[in-house]
């Protein structure tokens, strides 16, 4: 894939968002607790990426990046993968899919703020307007106007907090991994960090919860569990993460590129309509128009480029 071509990079980000759009639902479908799902996801997904890299000419050398930037890659893996996705899947044990999905869609806002703090890239007024409008649209879409559904007490607030932590840590990873991807390539850096992150999750969840995941037992599990874990590992992680991370590293403006993440709930709603036969209410249609309008404004409005 020619990441240097802007529209290809934006397309990669969009396809990555499509993969993200179903991750909460696949995780819940597995029937396993959040921490255990996170381990399965990144052991399978990271292993898939390593195999992909080893089969791809030009990406087989995984040792050189580790030798030259080992401490940085390990730190990035543990914070941007292990901690990020432990928080994401654990949040689903406390909060609803709607609440977690809404909180995670704040990623583009965190990307803009972190990019401002680290790289001094300013966030224009147009970006703030489109970002806030998109978040409001997401909340209205997922709750059908009853925004109070996003509020909660007790354990729910823990889940919402974990989802926000996931958004912040994941955004930091996207910004910090960008120069490494420019140096070594998207496939190599994604494979290394997701595999190390998966090992970190395996060790932490094993010690903290006593859940020592054995990937060799995957197909000993009930069919629904096995296929859900395989889907979230290979599709929602191996392919999706490579496209999302590599695309963001290649787009001319990472803040604008990350704004495509606001389309995640819209895509999820479309999938539910087509495959589950669920209806979309007039209010949800209005919310979809708000979200799509905010994303379109960010991508094509000249003033949004600043």
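The values are calculated or read from the model by the stated rules, or taken from the named source; none is laboratory data. No experiment lies behind these values; they were computed from the predicted model shown. Cβ atoms come from the backbone with ideal geometry, glycine included; neighbour counts cover every protein chain shown.
Kindly indicate the residue of segment 193-217 that is in contact with a helix residue (DSSP H, G or I) (Cβ under 8 Å, 6 or more places away or on another chain) and assigned to a loop (DSSP other than H, G, I, E, B) and also nearest to residue 62 (Cα to Cα) among those meeting that condition.
213
Can you name the condition, by its number, that residue 51 falls short on among (1) touching a residue at least 12 places away in the same chain (Cβ under 8 Å); (2) surrounded by fewer than 21 Cβ atoms within 10 Å (Cβ to Cβ); (3) closer than 19 Å to residue 186 by Cβ?
Among (1) touching a residue at least 12 places away in the same chain (Cβ under 8 Å); (2) surrounded by fewer than 21 Cβ atoms within 10 Å (Cβ to Cβ); (3) closer than 19 Å to residue 186 by Cβ, the lone unmet condition for residue 51 is (1).
To keep it simple, each residue is scored yes or no on (1) in contact with a strand residue (DSSP E or B) (Cβ under 7 Å, 6 or more places away or on another chain); (2) modelled with pLDDT of 75 or more; (3) within 27 Å of residue 40 (Cβ to Cβ); (4) surrounded by fewer than 22 Cβ atoms within 10 Å (Cβ to Cβ).
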| site | (1), (2), (3), (4) |
| --- | --- |
| 161 | no, yes, yes, yes |
| 175 | no, yes, no, no |
| 186 | no, yes, yes, no |
| 190 | no, yes, yes, no |
| 198 | no, yes, yes, no |
| 201 | no, yes, yes, no |
| 204 | no, yes, yes, yes |
| 208 | no, yes, yes, yes |
| 211 | no, yes, yes, yes |
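Identify the single condition in (1) in a helix (DSSP H, G or I); (2) buried (at least 20 other Cβ atoms within 10 Å of the Cβ) that residue 94 does not satisfy, given that it satisfies every other one.
Single failed check for residue 94: (1).
For the subset of segment 218-242 comprising residues that are free of Cβ contacts under 8 Å to residues at least 60 places away in the same chain, over 17 Å from residue 47 (Cα atoms) and in contact with a helix residue (DSSP H, G or I) (Cβ under 9 Å, 6 or more places away or on another chain), which member is surrounded by the fewest Cβ atoms within 10 Å (Cβ to Cβ)?
Top of the filtered list is 220.
Quick one: how many residues across segment 97-119 are part of a loop (DSSP other than H, G, I, E, B) and at pLDDT 85 or above?
Result for segment 97-119: 0.
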